[in-house]
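Right, one structure below, let's go through it.
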Amino acid sequence: MTPSEQIMTLSSVKPLDPKEFDERKAQHLLQRAGFGGTTKQALALSKLGLEKAVEYIVEYNNITDPEPVLLDAYDKDIIRPPTAAERKVAQKARQDKDEETVDKLRKERQRRQREDRKQISEMELWWLQRMVSTPRPLEEKLTLFWHGHFATGYRTIEDSYQMYLQNNFFRKNAMGNFKDDLVRGIIHDPAMIKYLNNHQNRKQAPNENLARELMELFTLGEGEGYDEDDIKEGARCLTGYTVEDHDFTFNSRNHDTGQKRIFGRSGYYDGDDFVDLIFTRPNVAKFIVNKLYRYFVNDLPHGKTADSKKFTISISNLLKRKDWELKPILKTIFLSEHFYDDSNMQAIIKSPVQLIVQATRSLNPPQRRKMVQTLAVSADLMGQRLFAPPSVKGWDGGRTWINTSTMFMRQNTLLYLLTGQRPGSASWEADNNQFNGMALVEGNTRDPKDAITFLLTALLNQDKHDRDRVASLENYMKTQNNTINNETVTGLLTLITAMPEYQLC
């Protein structure tokens, strides 16, 4: 059975007519299943046809990763447990009130903390650069999604290598099994265990944090199908799930072996049993599918329609039938007519990372000095710092990305990509590495009106353009004697990227 035939069995997820898969829809697929691309890439994808295009995007493991992730790429021993000898020295110094040794140990701990903060900053730049350059964009787009879903912040755990391990866990299982790979995996993840204090979860004093968020934020939704007693009993299941250095370990001495009662069922459950019990609840599929829908299809208020509800119900049912496998779900979404409906195009507000990475991949600005570092700082100022979500809820997204402060930074960041001028600096301080705007229009047009239409289409992915927008760009070209050159094309790009429509994908 072909992917299209499989979809036809679901009434609300009718596949797109392959004849309608044009360059615009291919660009839509590139933006949603990744971080956008050039007009040439969109054209090439459209020529593949719908099913082959989706197959190419989703089956990214068939594409060689030119820079595979290596576990030894970063120092795992900056933050580590003290050795037996070190503990003995520290204990003796405290007993003897040896202030000199105590101070020396404190300074060594502070040095390690500084080194670790430096390393997490390096990881931040590495991941941002990886998103920009990867030939497997869906892999990184999903890694970013799971980072926001199973949100963990470095400032709480203060161990960069554990954050690196978690990042690689998300990447490895990005399109795996939601139940067995991701949810079961996250209760064994050292960074999550420390972030939600489960290393302090002992049978004598259960800590409810992980059990609560596992249901409230990761699988069921707030107040959906569980109560406070279920949280308490779930916490008992997770006792003894702890961390030793950078590894998960099960401490049987701290585990509550007694009988628990969860969702009306009784048994001698552990944490893995708790996951199995959660996945008997009816809301799991609906919860995660709705979150995937907002991330990949539509996150604007008008996106909550009767059609979207039918679509998410069908996808939720499919997810359960596929035993929580994510790949067929994403293929079904990306092949569907609903995904390419006009109401769902340009219907997601770009996150700061999406804005930056998409602009970089589609505009291809020159590599500037400290470019990635500048972009990482900009993303932070716009409200999205990698490895540092604001809370266990992750980033709210949607309209929360946009306010007067972040809009100013968004426009300045795009100005920097195009001109090299950093936010807050003078024009004469700009990087002299000139942007090649002519590469975008070369071979397409030398006529000012056609150039305007081409650039609006390429950057906004619209088939119709607002008259006022077109008129403002035509007025700009008149001030430039209607001359098409690198300076005027760069000017057009600066104006277009400042438009409200550019904030959408």
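The values are calculated or read from the model by the stated rules, or taken from the named source; none is laboratory data. Since the model is a prediction, treat every value here as computed from it, not as a measurement. When we count neighbours, we look across all protein chains shown, and the Cβ atoms used for this are built from the backbone with ideal geometry, even at glycine. Quick note on the areas: whole protein, heavy atoms, side chains included, nothing else; ligands and nucleic acids left out. Shrake-Rupley method; radii C 1.70, N 1.55, O 1.52, S 1.80 Å.
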Pairs from LYS76/LYS179; LYS232/LYS350; LYS19/LYS291; LYS14/LYS291 whose Cα-Cα separation, in the structure shown, is over 27 Å: LYS76/LYS179; LYS232/LYS350; LYS19/LYS291
Pair LYS40, THR400: separation of 7 Å Cα→Cβ label points (nm): 4.0 nm
Cα-based equivalent ellipsoid of the stretch 266-305: semi-axis lengths in Å, sorted from largest, via gyration tensor: 32, 9, 5
Rh (Kirkwood; distinct C-alpha pairs) - the stretch 28-151, Å: 18.6 Å
Full-extension gain in nm, ASP468 to ALA388, via 0.36 nm per residue minus C-alpha separation: 24.8 nm
Solvent-accessible area per residue, Å², over the chain with all protein chains present [probe radius 1.4 Å]: 47 Å²
Order by protection proxy (mean Cβ within 10 Å, highest first), peptides 345-352, 221-228: 345-352, 221-228
Cross-link reach list, lysines versus LYS478, counting only Cα pairs under 30 Å and skipping chain neighbours closer than eight places: LYS40, LYS449, LYS464
Accessible surface of VAL392 - all protein chains present, 1.4 Å probe, nearest 10 Å²: 20 Å²
Size of the stretch 14-89 as Cα extents on the principal axes (Å, biggest first): 74, 28, 19
Calculated FRET value between ASN317 and PHE408, using beta carbons and R₀ = 41 Å, to 0.05: 0.40
Those lysines that a straight Cα-Cα span of less than 23 Å connects to LYS97, excepting residues fewer than 8 apart in one chain: LYS88, LYS107
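Starting from the residue with the highest accessible area, list ARG111, ARG399, ARG410 in decreasing order, probe 1.4 Å.
Order by accessible area, largest first: ARG399, ARG111, ARG410.
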Calculated log₁₀ intensity ratio I(q)/I(0) where the Debye formula runs over C-alpha points of the stretch 164-282, q = 0.14, 0.22 Å⁻¹: -0.53, -1.31
Solvent accessible area, Å² - ARG94, 1.4 Å probe, full protein context: 150 Å²
Quarter of the Cα convex hull surface for the stretch 221-356, i.e. its orientation-mean projected area (nm²): 11.5 nm²
Kirkwood-based shape ratio for the stretch 74-138, expressed as Rg/Rh from alpha carbons: 1.27
Cα radius of gyration and Dmax for the chain (Å): 25.4, 84
Histogram of C-alpha separations across the stretch 300-351, 10 Å bin width, %: 22, 50, 27, 1
Length gained when the stretch ASN61-ARG112 is fully extended (0.36 nm per residue, less Cα-Cα span): 14.7 nm
With DNA, RNA and ligands ignored, accessible area of TYR60 (1.4 Å probe; Å², nearest 10): 10 Å²
